[in-house]
Amino acid sequence: MRPGVAIAFENGNLGVVATSPDGICAIVSSAVANGSFALETPYTVYSLKEAETLGIIPTVAGNYELHKTIKEFYAEAGTGTELWIYGVAKTQTLDQLVADSEAVLLASNRRIRFVTLKYAPSVADTDVTAGLRTGFPATLAAAQAIAEEYTTEKTQPVVYIIEAYNYTGVAADLVGFSATTYNRVVVLIGDTETRTGATASKGAAVGVLAGRIAKNQVHVNVGRVKDGALKPLSFYVLDTPVEQVNIDALYDKGFITPCTHVGKSGYYFVDDHLACTVEDDYHFLTRRRVIDKAYVLANATLSNFILDTVPLTGEGKMQDSYAKSLESEVERVIVQEMTAKGELSADVTIANDTGVEVLIDTTNVIATDSQIKGKIRVRPHGYGRFIEFSIGFNITA
């Protein structure tokens, strides 16, 4: 095995029941080719206009769904945002879209962090199991497997955004994710068009979610109210406006949906959970994105020390001075690229706290096994999910 860096993700630490391309997205979609747009070919665009120049226009018999997804992406993310587009034949199944996504991931040379799937087959799927398209759990498992492979083997952390295709509209039909481990998969319910409309939407407005992710820093929840309402003026679950849907039932099962807030106009995302158990340290997308960015930065920094000359003690262990310099360098990079940008929590009550801790194991006999071992810990932000106050009169007798 050749020299290299291996960083394993720890889990279970939270105890809960060069600047990286943090938000670059790819849309992998069922599509129709034309003179300017070929299938199974990656394209990079920076605006809806550029996509339309490729011939991706909103014709129902052609690329309506892909165009809608790109349009909604740029409404949220803004013109100038890098977006990768990869079309596949409308005869391909949703599972084949997952498999085909590897081509655009590879072509991006580690730039893509999110893969958004837009499924629009030429012949609509009608089979349903447990409230969703038959075989949906296997689809999520396949996406998780690819995301894990690209993360560990290619140092390209990836998250998939998948629409809850063929959702029946009955929350009780859904199994949910209370026992699953898909901590690199987001599942969205809710679209900007109705199920029985002219386009008969059977999926979700994944472009809206992808666009909100793309413009956010890694630590910002897609549902943060301070960021303002989502651009679409209408959201539905099948034919029912979102404000008339029991969103709590879908939230409890682990799905992301649009929602409304009392006293606020417009729509917001309910939260940013992934398709995994709540005990998972990476149950929330913000946790996933924060640790992924730290992972990429640490890997790039530690790579500089491959085959470096390591001063040893008489016992064959790493000298403390070298360990300290290595620790300091990894911490410096993460602090510069994350803490300084507000993406990690530095404890202001502790002098010189950075929200980053790097520890090298100086007990290992490196003269024997040539292994530099250590741990990197970063402190994420907390999020005000449940806000409870009391209110009363301020009168003293």
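The values are calculated or read from the model by the stated rules, or taken from the named source; none is laboratory data. All values derive from a computational prediction rather than experimental measurement. Neighbour counts run over all protein chains shown; Cβ positions are idealised from the backbone, glycine included. Each accessible area value is taken on the protein alone, full model and side chains, heavy atoms only, with ligands, DNA and RNA left out. Shrake-Rupley method; radii C 1.70, N 1.55, O 1.52, S 1.80 Å.
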Check your understanding: Here are some residues: Pro21, Pro3. Which one is closer than 15 Å to Ala210 by Cα and modelled with pLDDT under 95?
Key -> Pro21
Review point. Out of curiosity, is Tyr236 aromatic (Phe, Trp, Tyr) and more than 19 Å from the chain's Cα centre (by Cα)?
Key: yes
Review point. Tally time: how many residues in region 135-157 are touching a strand residue (DSSP E or B) at 6+ places or on another chain (Cβ under 6 Å) and either closer than 19 Å to Thr257 by Cβ or outside any helix (DSSP H, G or I) (or both)?
Key: 1
Check your understanding: Has region 265-273 got at least one residue that is farther than 22 Å from Ala171 by Cβ and open to solvent by less than 20 Å² (accessible area, probe 1.4 Å)?
Key -> no
Check your understanding: Only one of these conditions is not met by Glu357: (1) open to solvent by 70 Å² or more (accessible area, probe 1.4 Å); (2) closer than 30 Å to Val225 by Cα; (3) not in a loop (DSSP other than H, G, I, E, B). Which number is it?
Key -> (2)
Review point. Would you say Ala275 is within 19 Å of Val206 (Cβ to Cβ) and small (Gly, Ala, Ser)?
Key: yes
Check your understanding: If only one of Ala351, Ala340, Ala346, Ala367 is out of contact with any helix residue (DSSP H, G or I) (no Cβ under 9 Å at 6 or more places or on another chain), open to solvent by 20 Å² or more (accessible area, probe 1.4 Å) and closer than 17 Å to Gln217 by Cβ, which one is it?
Key -> Ala340
Check your understanding: Quick one: how many residues across region 25-37 are over 12 Å from Asn63 (Cα atoms) and either open to solvent by less than 50 Å² (accessible area, probe 1.4 Å) or of a type in the set (Asp, Glu) (or both)?
Key -> 4
Practice item. Return yes when Thr199 is within 28 Å of Thr81 (Cβ to Cβ) and open to solvent by 10 Å² or more (accessible area, probe 1.4 Å) and no when it is not. Key: yes
Exercise for review: Kindly provide the set of residues from region 116-166 that are more than 27 Å from Ala33 (Cβ to Cβ) and open to solvent by 50 Å² or more (accessible area, probe 1.4 Å), ordered by number.
Suggested key: Asp127, Val128, Thr129, Thr134, Pro137, Ala138, Ala145, Glu148, Glu149, Thr152, Glu153, Lys154
Revision key, fill the gap. Those residues of region 293-323 that are touching a strand residue (DSSP E or B) at 6+ places or on another chain (Cβ under 8 Å) and surrounded by 12 or more Cβ atoms within 10 Å (Cβ to Cβ) come to a total of 7
Review point. Within region 274-292, which residues are open to solvent by less than 50 Å² (accessible area, probe 1.4 Å) and assigned to a loop (DSSP other than H, G, I, E, B)?
Key: Leu274, Thr277, Asp280, Asp281, Tyr282, His283
Check your understanding: Out of all the residues in region 240-251, is one or more under 14 Å from Glu193 (Cα atoms), modelled with pLDDT of 95 or more and open to solvent by 10 Å² or more (accessible area, probe 1.4 Å)?
Key -> yes
Check your understanding: Got a number for residues in region 167-187 being assigned to a loop (DSSP other than H, G, I, E, B), of a type in the set (Val, Ile, Thr) and open to solvent by 60 Å² or more (accessible area, probe 1.4 Å)?
Key -> 2
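Yes/no matrix, rows are residues, columns are (1) under 14 Å from Ser29 (Cα atoms); (2) open to solvent by 30 Å² or more (accessible area, probe 1.4 Å):
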residue: Ser47; (1), (2): no, no
residue: Glu50; (1), (2): no, yes
residue: Glu65; (1), (2): yes, yes
residue: Lys68; (1), (2): yes, no
residue: Val88; (1), (2): yes, no
residue: Thr91; (1), (2): yes, yes
residue: Ala99; (1), (2): yes, yes
